[in-house]
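Read the structure below first, then the notes.
The values are calculated or read from the model by the stated rules, or taken from the named source; none is laboratory data. The shown structure was predicted, so the numbers you read here are calculated from the model rather than taken from an experiment. With ideal geometry, Cβ positions are generated from the backbone for all residues, glycine too; neighbour counts draw on all protein chains shown. What goes into the accessible areas is simple: the full protein's heavy atoms, side chains included, and nothing from ligands, DNA or RNA. Shrake-Rupley method; radii C 1.70, N 1.55, O 1.52, S 1.80 Å.
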Amino acid sequence: MSEDLRARVQSVLPGIRSDLEDLVRIESVSADPERAGEVQRSAEAVKALFDAEGFTSSIVSADGGAPAVIAHKAGPEGAPTVLLYAHHDVQPENDHADWDSPPFEPTERGDRLYARGAADDKAGIAAHLGAVRVFGDDLPVNVVMFIEGEEEVGSETLPALLAEHRESLRADVIVIADSGNWDIGVPALTTSLRGLVRMDIEVRTLTHAVHSGMWGGLVPDSLMALSRVIASLHDDEGNVAIEGLHSGPAADVEYPEDRLRAESGAAPGIEWIGSGSAVERLWTKPALSITGLDAPKVAGASNTLVPAARARISMRIAPGDTAENAVARLVEHLEAHTPWGATLTHTVVDTGEATQIDATGPAYDAARSAFTEAWDGTEPIDMGVGGSIPFIAEFLEAFPQASVLVTGVEDPDTRAHGANEGLHLAEFERVVLAETLLLATLGAQ
Ligand code: BES
Ligand code: MN
């Protein structure tokens with residue numbers, strides 16, 4: 001059976017590749033209100049692809065959220081139902097000058113196909129499409145396709161969508177193709193993800209700007225005060241210094257130093273921050289970054305005490321912690337570390353829960369054997385990721401009986417969200433084969 005499936009995967013790949021390229025040309029940036037029409041167009045393109053495979057599909061949205069595609073195709077009577085998830089929205093492409101080829105023009109160079117969304121996550125859609133195309137009208141399982149349109153902006157209306165379409169989304173196994181593998185040639189199942197808290201803070205020290213020579217030395221400026229608040233968030237070693245956050249146990253995976261250096265983008269000479277093993281720091285401990293600042297530009301800065309300044313805090317929380325706890329501990333910390341009587345106000349931008357998956361049971365057995373076969377005998381490792389897919393917790397809540405498998409096309413050098421995002425084409429082929437084998441195995445169970 002599996003040799004036959006291998007050959008069929010080979011034969012559908014060129015078509016899948018060109019469908020992926022067509023999807024990538026659509027600028028479905030969910031964070032950009034001006035491109036809402038593109039997100040709609042991308043939902044329509046996704047729907048057309050599944051309609052062509054004989055699926056019954058519709059475009060749905062809830063509470064004014066982005067359009068998602070739900071599509072169904074039946075397998076044999078009595079077979080399990082498998083929900084295949086991916087998202088058709090993408091992150092902003094940012095500065096085109098940082099890209100070596102136009103961000104929405106899929107371009108092959110070396111081993112990869114480069115474009116925004118070529119991996120995250122239009123290749124997830126393409127992988128699902130490939131697996132169902134291989135089987136044609138003989139699907140081994142019932143398939144529900146669920147392709148979301150607002151993952152990159154926090155899946156705000158996903159709970160409403162799940163509630164509204166609960167029956168039509170019900171499944172025994174949920175395959176979420178939005179993560180990745182451990183290395184080129186080494187597959188993985190993602191079994192833990194961090195949660196997320198984003199918060200904007202403003203620090204104010206003056207009611208209005210004043211001359212820095214007249215008042216400097218007596219009145220603190222807001223940027224100095226904000227800098228102190230920010231500096232208090234880590235200890236000297238670089239661990240997050242907020243009391244009361246959860247840290248989990250170390251996963252037993254060694255991330256070699258040379259790979260960390262090559263894959264992390266760290267500039268030469270940069271020292272790692274924090275303590276514990278590398279994967280502990282990346283997967284099971286909190287992390288905190290400043291991802292934006294509102295302050296006067298250096299060009300044109302005048303000799304003025306700046307009255308107020310803002311920063312965005314992006315904090316990752318460990319599996320086992322909750323967003324509610326993390327927000328409360330962060331606010332306590334900020335209030336205790338605001339110097340000189342400055343006023344600190346905060347606004348929670350969004351939060352998402354972490355996930356720890358019980359990676360046992362028949363669906364995991366099926367996935368491990370499918371992955372091992374697709375990677376020619378290399379067994380998948382259980383890995384964590386430092387990123388977040390907050391809705392996994394929501395899926396698990398909505399369907400507590402279902403097994404959730406988190407897979408995907410990414411590899412350590414995918415550069416998702418960055419310039420020159422690229423899909424590794426040989427790995428992509430293995431991902432499609434693995435999913436094909438998985439569906440066949442689940443159907444046979
Ligand atoms: N595909 C990523 C999640 C991911 C990140 C998986 C790293 C594997 C490794 C997903 O599209 C994503 O970027 N999620 C956001 C969530 C946020 C917008 C709520 C993230 O992690 O920042
Ligand atoms: Mn993604």
Condition check: open to solvent by less than 10 Å² (accessible area, probe 1.4 Å) and not assigned by TED's automatic domain parsing to the domain that holds Val60. Does Met145 satisfy that? no
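What do you reckon, is Glu394 surrounded by fewer than 20 Cβ atoms within 10 Å (Cβ to Cβ), farther than 30 Å from Gly216 by Cβ and within 16 Å of ligand 2 (Cβ to nearest atom)? Give the steps one after another, and end with the answer.
On the way: surrounded by fewer than 20 Cβ atoms within 10 Å (Cβ to Cβ): yes; farther than 30 Å from Gly216 by Cβ: yes; within 16 Å of ligand 2 (Cβ to nearest atom): yes.
Yes; evaluated as a whole, the condition is true for this residue.
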Residue check, Phe104 against (1) touching a Pro at 6+ places or on another chain (Cβ under 8 Å); (2) away from ligand 2 (no atom under 16 Å from the Cβ); (3) farther than 20 Å from Arg166 by Cβ, all met but one. Which one? (1)
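Can you tell which of Ala267, Ala295, Ala301, Ala287 is outside the structural domain of Gly422 (by TED's automatic domain parsing), closer than 19 Å to Gln356 by Cα and at pLDDT 95 or above? Steps first, answer last, please.
On the way: Ala267 fails: closer than 19 Å to Gln356 by Cα; Ala295 fails: closer than 19 Å to Gln356 by Cα; Ala301 fails: closer than 19 Å to Gln356 by Cα.
It is Ala287.
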Within the range 100-119, the count of residues that are closer than 16 Å to Glu27 by Cα and open to solvent by 10 Å² or more (accessible area, probe 1.4 Å) comes to 7
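For every residue, the table says whether it meets (1) aromatic (Phe, Trp, Tyr); (2) at negative phi; (3) in the same structural domain as Pro102 (by TED's automatic domain parsing); (4) modelled with pLDDT under 95.
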position: Thr360; (1), (2), (3), (4): no, yes, yes, no
position: Ala366; (1), (2), (3), (4): no, yes, yes, no
position: Phe371; (1), (2), (3), (4): yes, yes, yes, no
position: Ile389; (1), (2), (3), (4): no, yes, yes, yes
position: Glu394; (1), (2), (3), (4): no, yes, yes, yes
position: Leu405; (1), (2), (3), (4): no, yes, yes, no
position: His424; (1), (2), (3), (4): no, yes, yes, no
position: Val431; (1), (2), (3), (4): no, yes, yes, no
position: Leu438; (1), (2), (3), (4): no, yes, yes, no
Anything in the range 283-307 that is open to solvent by less than 70 Å² (accessible area, probe 1.4 Å) and either within 16 Å of ligand 2 (Cβ to nearest atom) or under 22 Å from the mean Cα position of the chain (by Cα) (or both)? List them, or say none. Trp283, Thr284, Lys285, Pro286, Ala287, Leu288, Ser289, Ile290, Gly292
Given the criterion of a type in the set (Gly, Ala, Ser) and within 28 Å of Gly384 (Cβ to Cβ), identify the matching residue among Gly292, Gly300, Gly341. Gly292
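Condition check ((1) of a type in the set (S, T, N, Q); (2) within 16 Å of ligand 2 (Cβ to nearest atom); (3) touching a His at 6+ places or on another chain (Cβ under 9 Å)) across all residues:
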residue	(1), (2), (3)
Ser61	yes, no, no
Ala68	no, yes, yes
Ala79	no, no, no
Gly110	no, no, no
Leu113	no, no, yes
Leu129	no, no, no
Arg133	no, no, no
Gly136	no, no, no
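Tell me which residues, restricted to the range 110-160, are of a type in the set (Asp, Glu) and within 15 Å of ligand 1 (Cβ to nearest atom).
Step one: filter the range 110-160 for residues of a type in the set (Asp, Glu), giving 111, 120-121, 137-138, 148, 150-152, 156.
Matches in the range 110-160: Asp120, Asp121, Glu148, Glu150, Glu151, Glu152, Glu156.
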Kindly indicate whether Ala163 is touching a Gly at 6+ places or on another chain (Cβ under 9 Å) and closer than 29 Å to Ala71 by Cα. no
Looking only at the range 157-164, decide whether some residue is within 16 Å of ligand 2 (Cβ to nearest atom) and at pLDDT below 95. yes
Confirm whether Arg310 is assigned to a strand (DSSP E or B), at pLDDT 95 or above and either open to solvent by less than 40 Å² (accessible area, probe 1.4 Å) or away from ligand 1 (no atom under 16 Å from the Cβ) (or both). yes
So which of Ala370, Ala359, Ala374, Ala366 is open to solvent by less than 30 Å² (accessible area, probe 1.4 Å) and in contact with an Asp or Glu (Cβ under 6 Å, 6 or more places away or on another chain)? Ala359
If Glu379 satisfies all but one of (1) within 16 Å of the chain's Cα centre (by Cα); (2) more than 16 Å from ligand 2 (Cβ to nearest atom); (3) of a type in the set (Asp, Glu), what's the number of the condition it fails? (1)
Checking Asp51 against (1) touching a Gly at 6+ places or on another chain (Cβ under 8 Å); (2) open to solvent by 30 Å² or more (accessible area, probe 1.4 Å), only one condition comes out false. Which one? (1)
Members of the range 177-201 that are within 16 Å of ligand 2 (Cβ to nearest atom) and either in contact with a Ser or Thr (Cβ under 7 Å, 6 or more places away or on another chain) or free of Cβ contacts under 8 Å to residues at least 24 places away in the same chain (or both): Ala177, Ser179, Gly180, Thr190, Leu193, Arg194, Gly195, Leu196
Can you name every residue in the range 175-227 that is under 30 Å from Pro319 (Cβ atoms), among the β-branched types (Val, Ile, Thr) and open to solvent by 30 Å² or more (accessible area, probe 1.4 Å)? Ile184, Val186
Given (1) open to solvent by less than 60 Å² (accessible area, probe 1.4 Å); (2) farther than 30 Å from Leu442 by Cβ; (3) in contact with a Pro (Cβ under 6 Å, 6 or more places away or on another chain), identify the lone condition not met by Ser30. (3)
Assess whether Leu233 counts as being of a type outside the set (Asp, Glu), free of Cβ contacts under 8 Å to residues at least 24 places away in the same chain, more than 20 Å from Gly384 (Cβ to Cβ) and not assigned by TED's automatic domain parsing to the domain that holds Ala366. no
